[in-house]
Amino acid sequence: HRMYFKGKNLADFGWMITYMPSASRWMDGYLAAGYEAEDVLETDGSVSRDRDFVLEAGLKFRANIAYSPLRFLPFTDFWGLRVGIKNRGFWNSERLTYVFEIGAGSF
């Protein structure tokens, strides 16, 4: 699972549970579902809290860089890249965002 904070002053919050078929393949698909809450500025200037379902799908790429030209990177021999599409709202598909993440370890 993962938790994240975003927005101004990190006031917006999200929590997702992620499913990946394998943690050892170099490329794998993933699916995540969860909850997200964010502050929304209304037309009258007031701020309201918007809470909604979040669904994300994409691909994860993992590599052992110990034997590559990138072996100078610190922390670990394993690095990964995650790319996906996230939808906020169960039925609404108008709030799609792209996900791009680089991380150390098998993440």
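The values are calculated or read from the model by the stated rules, or taken from the named source; none is laboratory data. Just so we're clear, the structure is a prediction, and the values are computed from it rather than from any experiment. In this analysis, Cβ positions are derived from the backbone assuming ideal geometry, glycine residues included, and neighbour counts consider all displayed protein chains.
Is segment 52-74 home to any residue that is β-branched (Val, Ile, Thr) and out of contact with any Lys or Arg (no Cβ under 7 Å at 6 or more places or on another chain)? No. When segment 18-39 is filtered for residues that are out of contact with any strand residue (DSSP E or B) (no Cβ under 6 Å at 6 or more places or on another chain) and among the hydrophobic types (A, V, I, L, M, F, W, C), only ALA23 remains. Meeting the requirement of 3 or more residues that are within 22 Å of ILE102 (Cα to Cα) and in contact (Cβ under 8 Å) with a residue 24 or more places away in the chain, the strands (runs of 3 or more DSSP E) wholly within segment 1-59 are 12-19, 27-41.
Residues that are under 12 Å from the mean Cα position of the chain (by Cα) and not polar (S, T, N, Q) within segment 1-18 comprise HIS1, ARG2, MET3, TYR4, PHE5, LYS6, GLY14, TRP15, MET16, ILE17, listed in sequence order.
Rundown of residues vs (1) at pLDDT 85 or above; (2) surrounded by 15 or more Cβ atoms within 10 Å (Cβ to Cβ); (3) among the aliphatic types (A, V, I, L, M), yes/no style:
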{"site": "TYR19", "(1), (2), (3)": "yes, no, no"}
{"site": "LEU41", "(1), (2), (3)": "no, no, yes"}
{"site": "ASP50", "(1), (2), (3)": "yes, no, no"}
{"site": "LYS60", "(1), (2), (3)": "yes, yes, no"}
{"site": "ALA63", "(1), (2), (3)": "no, no, yes"}
{"site": "PRO69", "(1), (2), (3)": "no, no, no"}
{"site": "PHE75", "(1), (2), (3)": "no, no, no"}
{"site": "ILE85", "(1), (2), (3)": "yes, no, yes"}
{"site": "PHE90", "(1), (2), (3)": "no, no, no"}
